[in-house]
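Asks: Quick one: the structure is below, questions incoming.
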Amino acid sequence: MKRISLLAAWLFVSFLVASAIGPAAFGQGVLVWVNPPHPIPLPRPIPRPRPTPPPMSYKIKELDYHAKVVDQVAQVQVSQSFVNTGSAQMEVSFVFPLPYDGAIDRMTFMVDGKEYDAKLLKKKDARRIYEGYVRQNKDPALLEWIGYGMFQTSVFPVPAGAERKVSLKFSQLLRKDHQLTDLMIPLSTAKYTSQPVEKLAINVAVETAAELKNVYSPTHAINVQRPDNKHAVVKFEATNTVPTADFRLLFDTADGQLGASLLSYRPDANDDGFYLLLASPEVKAASDERPAKTVIFVVDRSGSMSGKKVEQAKEALKFVLNNLRQGDTFNIVAYDSTVEAFKPELQKYDEETRKAALGFVDGLYAGGSTNIDGALTSALGMITDSSRPNYILFLTDGLPTAGETNEAKIVANTKQNNKQRVRMINFGVGYDLNSRLLDRLSRENFGQSEFVRPDENIEAHVSRMYSKMSSPVMTGLEVKVDVDAAGDGAPVNRVYPKQAYDLFAGEQLVMVGRYKRPGGAKVTVTGKVGSAERKFDFPGTLVERSSDQSYAFVEKLWAMRRIGEIIDELDLKGKNDELVTELVTLSTKHGILTQYTSFLADENAPAHQLADLRSNAALARRSLEQLEATDGLAGVAQRDDKRSLQLAERASAAPSGAFGGGSNFSGPASGPGAGGIAARGGYGFGARASNSYRDATTDKEVEAKGIQVAGNETLYKRGKTWIAQSAQKVDPEKDAAKIKRVKRFSDDYFALVRDNTADENAVLAAQQEGEELLVVLRGQAYYIE
């Protein structure tokens, strides 16, 4: 009977920082051989089922994580179902890595309801198990855990084809730095499964004694429910997935009407650092603190809207009408060749005007041309009160074909007529529209564009957007960061979003930027709550140099938004060689592919191309000519992808390794007249995979096989060699005398492993059988073969 060990990456990440213990980090398991008759690597997903199952293989069927967090203590239950997809019975045990000395209490381990014993192995004993697996099976998958301790359970059988459900219950003290609490769940080792995980579910209930403010994941697009100001339920679900990023959740507390946290990351003390600002208000602000607003819906009823589109647009209109508030003013402008308004002037919202407007909507029908300029001129002319938030929801599915049809003149007319700082939210329906015109209108009128594909529902897009913006709490928002240290020039730069404009109830501001000078900082948030000017001040610190990679996601998130901003500049303002060079540089360093830099993932390209910035910029410049397409599928696909980068709220992967190396602040706002506000940095965009990009010719995501992110490195494949971004300027032939060649799984290899951090070992673990790796570690170039 064959015996293996089930290595569960249910990691007990915990360590003492400022009298607080590190984040709970229990995730999924992987099956590994203890005494294999021959090398057997961990399973990886394959494109199609093998005709004959291998003797030893398994798949992770379901992974379910439930946690109840009360202040700093997490009560956790993790359940995992796995299936023996091999042809032989296995005897397995669960092994739990412990990266740090931890405070784990009341741990219970069960298999199909039967409790099993577990024992603690210290780092020295655990190292033999990890290293033994890597040596025997010629598989580097477990390298990142070498040097950590573990819990190991007793043995239980798993017959061929059988399913086993294992569960673990425990409590743990989470890491807390000032007011920011961190929960981390390693999920990335679930990629070691013969098939994608059928169901992944994470449910975290948070309860705090102080008021709960920011709830943020830098890694996953979470759903957050906030029943009151001291509770939150965080959910994430995925099906048929292969997790590649660990799950991370950050939350803070602050009694008062506004809470904020500042994270900073500066890997190089000689270069500008990176910061992330989160800000959230009370969950329930007093109703009189929510200003009345004006909403005008400008809807296309031209002939191209006939059929399903006009019916969906009408349902979207009804949703908005049924969700306005008492005190709001509104109107509807419908246009084809001509322009027709529900009423000549703005209407006060009440039951009578609501019913009348619904009747107007029911009478809309499609026919005629598209007079965009006339419709927007009419709508903007109705708004004369700048003391309240003003919004235009503009919907179109076509090109301007009546009235003024010149793109530049339409934008200029709209900007000139927008005298009350009206925010324009544009919805482009289908592919037969000028997507660049919508982006220009958004940029010049404090708004944004959203695109509805032909197979998507207009009402769903409009209702989702309106639900987010229905309750503006603070308008005319301005955020200022001052640093105590004296110096020339602005202390921060390249901040995104450039302007948050208005902040809405139930959302949080996610702002990233760069800073020149470290030290004590003061963040000032100003704006209007109703008609009153409000000011909130927060102290903070921008670190001089980060000691590890824990906040490396801040740099990645900034890079994503910066790339989106560069593409927007090139799209709306034309060619700029300096921006193209920066686009290529950022894409290469961070592995953020776009259709304009997808050539970086070409496995057949020469290795020296990675370091040839001039040639790569020329390739990107030619590819950027695709931006000349303003309509059709290519126009929409490119501008929607650009938008996803500009509004990104999380990086594509969470770093491994110790927590720390940044700073944060959180607490009640200071200053007179502090009031409840809600803030947000975008409209809920998630992370994009580093090895994928959107193809403008198909409007589909394309996965590139020649690139991967491991630890804090981006790796590019050239032939059979993975070249780390840090080693792109190393020439294996010209620099041969400076390169240390190491044979994989040799004594020198394991000596290197022992000197590495977890992030560095993750780079080594990315190298598979038959591949070679060129990487720079601690200033030394290594060629691992």
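The values are calculated or read from the model by the stated rules, or taken from the named source; none is laboratory data. Since we're looking at a predicted model, the values are computed, not measured. All Cβ positions, glycine included, derive from the backbone under ideal geometry; neighbour counts span all protein chains shown. All accessible areas refer to the heavy atoms of the entire protein, side chains included, with ligands and DNA or RNA removed. Shrake-Rupley method; radii C 1.70, N 1.55, O 1.52, S 1.80 Å.
Asks: If a residue counts only when it is modelled with pLDDT of 75 or more and surrounded by fewer than 19 Cβ atoms within 10 Å (Cβ to Cβ), which strands (runs of 3 or more DSSP E) contained entirely in the range 673-715 have at least 2 such residues?
Replies: Values: elements: 692-695, 700-703, 707-710.
The qualifying strands (runs of 3 or more DSSP E) are 692-695, 700-703.
Asks: Here's a check for you: in the range 397-414, which residue that is open to solvent by less than 20 Å² (accessible area, probe 1.4 Å) and modelled with pLDDT of 95 or more is nearest to the chain's Cα centre (by Cα)?
Replies: Result: Val411.
Asks: Open to solvent by less than 20 Å² (accessible area, probe 1.4 Å), more than 30 Å from Phe504 (Cβ to Cβ), polar (S, T, N, Q) and at pLDDT below 85: is that true of Ser154 in this structure?
Replies: no
Asks: Working carefully through the options Val495, Val462, find the one that is open to solvent by 10 Å² or more (accessible area, probe 1.4 Å), at negative phi and of a type in the set (A, V, I, L, M, F, W, C). Step through it out loud before you land on a result.
Replies: Values: Val462 fails: open to solvent by 10 Å² or more (accessible area, probe 1.4 Å).
The conditions single out Val495.
Listed here are the residues, each with its yes/no results for (1) more than 28 Å from Ala648 (Cα to Cα); (2) out of contact with any Lys or Arg (no Cβ under 6 Å at 6 or more places or on another chain); (3) open to solvent by 10 Å² or more (accessible area, probe 1.4 Å).
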| site | (1), (2), (3) |
| --- | --- |
| Ser264 | no, yes, no |
| Leu276 | no, yes, no |
| Val283 | no, no, yes |
| Phe297 | no, yes, no |
| Ser306 | yes, yes, yes |
| Lys314 | yes, yes, yes |
| Val320 | no, yes, no |
| Val333 | yes, yes, no |
| Val339 | yes, yes, yes |
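Asks: On to the next question. Quick check on Val554: is it open to solvent by less than 10 Å² (accessible area, probe 1.4 Å), farther than 21 Å from Ala710 by Cβ, of a type in the set (A, V, I, L, M) and in a helix (DSSP H, G or I)? Reasoning before the result, please.
Replies: On the way: open to solvent by less than 10 Å² (accessible area, probe 1.4 Å): yes; farther than 21 Å from Ala710 by Cβ: no; of a type in the set (A, V, I, L, M): yes; in a helix (DSSP H, G or I): yes.
Against the criterion (open to solvent by less than 10 Å² (accessible area, probe 1.4 Å), farther than 21 Å from Ala710 by Cβ, of a type in the set (A, V, I, L, M) and in a helix (DSSP H, G or I)), Val554 does not qualify.
Asks: Consider Leu586 carefully, then state whether it is under 19 Å from the mean Cα position of the chain (by Cα), part of a helix (DSSP H, G or I) and surrounded by fewer than 20 Cβ atoms within 10 Å (Cβ to Cβ).
Replies: Details: under 19 Å from the mean Cα position of the chain (by Cα): yes; part of a helix (DSSP H, G or I): yes; surrounded by fewer than 20 Cβ atoms within 10 Å (Cβ to Cβ): yes.
Yes, satisfied.
Asks: Taking the condition within 21 Å of Gly259 (Cβ to Cβ) and touching a Lys or Arg at 6+ places or on another chain (Cβ under 8 Å), does Leu477 pass? Lay out the reasoning, then the answer.
Replies: Numbers: within 21 Å of Gly259 (Cβ to Cβ): yes; touching a Lys or Arg at 6+ places or on another chain (Cβ under 8 Å): no.
Considered against the rule, which asks whether it is within 21 Å of Gly259 (Cβ to Cβ) and touching a Lys or Arg at 6+ places or on another chain (Cβ under 8 Å), Leu477 comes out as no.
Asks: Residue by residue through the range 443-482, note down the ones that are more than 25 Å from Lys528 (Cα to Cα), over 23 Å from the mean Cα position of the chain (by Cα) and either among the charged types (D, E, K, R) or part of a strand (DSSP E or B) (or both).
Replies: Of everything in the range 443-482, those that are more than 25 Å from Lys528 (Cα to Cα), over 23 Å from the mean Cα position of the chain (by Cα) and either among the charged types (D, E, K, R) or part of a strand (DSSP E or B) (or both) turn out to be Asp455, Glu459.
Asks: Can you tell me how many residues in the range 207-226 are open to solvent by 10 Å² or more (accessible area, probe 1.4 Å), part of a strand (DSSP E or B) and in contact (Cβ under 8 Å) with a residue 12 or more places away in the chain?
Replies: Count: 4.
Asks: Kindly indicate the residue of the range 491-536 that is in a strand (DSSP E or B) and of a type in the set (Asp, Glu) and also farthest from the chain's Cα centre (by Cα) among those meeting that condition.
Replies: Filtering the range 491-536 for residues in a strand (DSSP E or B) gives 492-496, 501-504, 509-515, 519-529, 532-536.
With of a type in the set (Asp, Glu) added as a condition, the list becomes 502, 533.
Details: Asp502: 22, Glu533: 33 Å.
Across the range 491-536, the extreme among qualifying residues is Glu533.
Asks: So, one more: Filter the range 320-360 down to the residues that are of a type in the set (A, V, I, L, M, F, W, C), out of contact with any Leu (no Cβ under 8 Å at 6 or more places or on another chain) and within 30 Å of Gly403 (Cα to Cα) and list them by number.
Replies: Residues of the range 320-360 of a type in the set (A, V, I, L, M, F, W, C): 320-321, 324, 330, 332-334, 339, 341-342, 346, 356-358, 360.
When the remaining residues are screened for being out of contact with any Leu (no Cβ under 8 Å at 6 or more places or on another chain), the result is 324, 333, 339, 341-342, 346, 356, 360.
Matches in the range 320-360: Val333, Val339, Ala341, Phe342, Leu346, Ala356, Phe360.
Asks: Shifting gears a bit: Only residues in the range 741-760 that are within 19 Å of Trp722 (Cβ to Cβ) count as the first member; pair them with residues that are among the basic types (Lys, Arg) and surrounded by fewer than 12 Cβ atoms within 10 Å (Cβ to Cβ), Cβ under 8 angstrom, at least 6 apart or cross-chain, and list the lot.
Replies: Short answer, once both residue conditions are applied: Tyr749/Lys743.
Asks: How about the range 184-204: which of its residues are among the aliphatic types (A, V, I, L, M) and crowded, with 20+ Cβ neighbours inside 10 Å? Break it down into steps so the answer makes sense when it comes.
Replies: The first filter runs over the range 184-204 and keeps only residues among the aliphatic types (A, V, I, L, M), leaving 184-185, 187, 190, 197, 200-202, 204.
Result: Met184, Ile185, Leu187, Ala190, Val197, Leu200, Ile202, Val204.
Asks: Here's something else I'd like to know. When the range 481-502 is examined, which residues are found to be under 30 Å from Ser387 (Cα atoms) and at pLDDT below 90?
Replies: Those that are under 30 Å from Ser387 (Cα atoms) and at pLDDT below 90: Lys498, Gln499, Ala500, Tyr501, Asp502.
Asks: Also, I was wondering about something else. So Pro344 ticks every box in (1) assigned to a strand (DSSP E or B); (2) over 35 Å from the mean Cα position of the chain (by Cα) but one. Which box is left unticked?
Replies: (1)
Asks: Restricted to the range 33-91, and to residues that are open to solvent by 70 Å² or more (accessible area, probe 1.4 Å) and within 26 Å of the chain's Cα centre (by Cα), which residue is modelled with the lowest pLDDT?
Replies: Only one residue fits best here, namely Gln77.
Conditions tested, residue by residue: (1) under 30 Å from Asp246 (Cα atoms); (2) open to solvent by 40 Å² or more (accessible area, probe 1.4 Å).
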| site | (1), (2) |
| --- | --- |
| Lys573 | no, yes |
| Asp577 | no, yes |
| Glu582 | yes, yes |
| Ala611 | no, yes |
| Ala618 | no, no |
| Gln638 | yes, no |
| Gln646 | yes, yes |
| Glu649 | yes, no |
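Asks: Same structure again: Pairs needed: first member in the range 342-363, small (Gly, Ala, Ser); second member anywhere, in a loop (DSSP other than H, G, I, E, B); C-beta distance under 7 Å; at least 6 residues apart or different chains.
Replies: As it stands, the answer is Ala357/Phe342, since those pairs meet every condition given.
Asks: Arg440 is checked against (1) assigned to a strand (DSSP E or B); (2) surrounded by fewer than 24 Cβ atoms within 10 Å (Cβ to Cβ) and fails just one. What number does that condition carry?
Replies: Arg440 satisfies all of (1) assigned to a strand (DSSP E or B); (2) surrounded by fewer than 24 Cβ atoms within 10 Å (Cβ to Cβ) except (1).
Asks: Return only the number of the condition from (1) part of a loop (DSSP other than H, G, I, E, B); (2) under 24 Å from Leu593 (Cα atoms); (3) among the aromatic types (Phe, Trp, Tyr) that Trp722 does not satisfy.
Replies: Among (1) part of a loop (DSSP other than H, G, I, E, B); (2) under 24 Å from Leu593 (Cα atoms); (3) among the aromatic types (Phe, Trp, Tyr), Trp722 violates only (1).
Asks: Do we have any residue at all in the range 399-414 that's of a type in the set (Gly, Ala, Ser) and outside any helix (DSSP H, G or I)?
Replies: Residues of the range 399-414 of a type in the set (Gly, Ala, Ser): 402-403, 408, 412.
With outside any helix (DSSP H, G or I) added as a condition, the list becomes 402-403.
Checked against the condition, which is being of a type in the set (Gly, Ala, Ser) and outside any helix (DSSP H, G or I), the range 399-414 yields at least one hit.
Asks: Tell me whether the range 164-183 contains one or more residues that are open to solvent by less than 10 Å² (accessible area, probe 1.4 Å), assigned to a loop (DSSP other than H, G, I, E, B) and at pLDDT below 80.
Replies: Scanning the range 164-183, I find no residue that is open to solvent by less than 10 Å² (accessible area, probe 1.4 Å), assigned to a loop (DSSP other than H, G, I, E, B) and at pLDDT below 80, so the answer is no.
Asks: Out of all the residues in the range 197-207, is one or more over 30 Å from Asp112 (Cα atoms) and of a type in the set (Lys, Arg)? Give the derivation first.
Replies: Step one: of the range 197-207, the residues over 30 Å from Asp112 (Cα atoms) are 207.
Right, trim to of a type in the set (Lys, Arg) and you get none.
No: zero hits.
Asks: Residue by residue through the range 184-205, note down the ones that are over 14 Å from Tyr65 (Cβ atoms), outside any helix (DSSP H, G or I) and of a type outside the set (S, T, N, Q).
Replies: Tyr192, Pro196, Glu198
Rundown of residues vs (1) part of a loop (DSSP other than H, G, I, E, B); (2) not hydrophobic (A, V, I, L, M, F, W, C), yes/no style:
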site	(1), (2)
Lys729	yes, yes
Pro732	yes, yes
Ala737	no, no
Arg741	no, yes
Asp759	no, yes
Val775	no, no
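Asks: Let me ask another. For Asp139, all conditions in the list (1) within 30 Å of Ala254 (Cα to Cα); (2) open to solvent by less than 10 Å² (accessible area, probe 1.4 Å); (3) acidic (Asp, Glu) hold save one; what is the number of the exception?
Replies: Of everything listed in (1) within 30 Å of Ala254 (Cα to Cα); (2) open to solvent by less than 10 Å² (accessible area, probe 1.4 Å); (3) acidic (Asp, Glu), Asp139 misses just condition (1).
Asks: Go through (1) out of contact with any Pro (no Cβ under 8 Å at 6 or more places or on another chain); (2) open to solvent by less than 20 Å² (accessible area, probe 1.4 Å) one by one and return the number of the condition Leu503 breaks.
Replies: Status for Leu503: all satisfied but (1).
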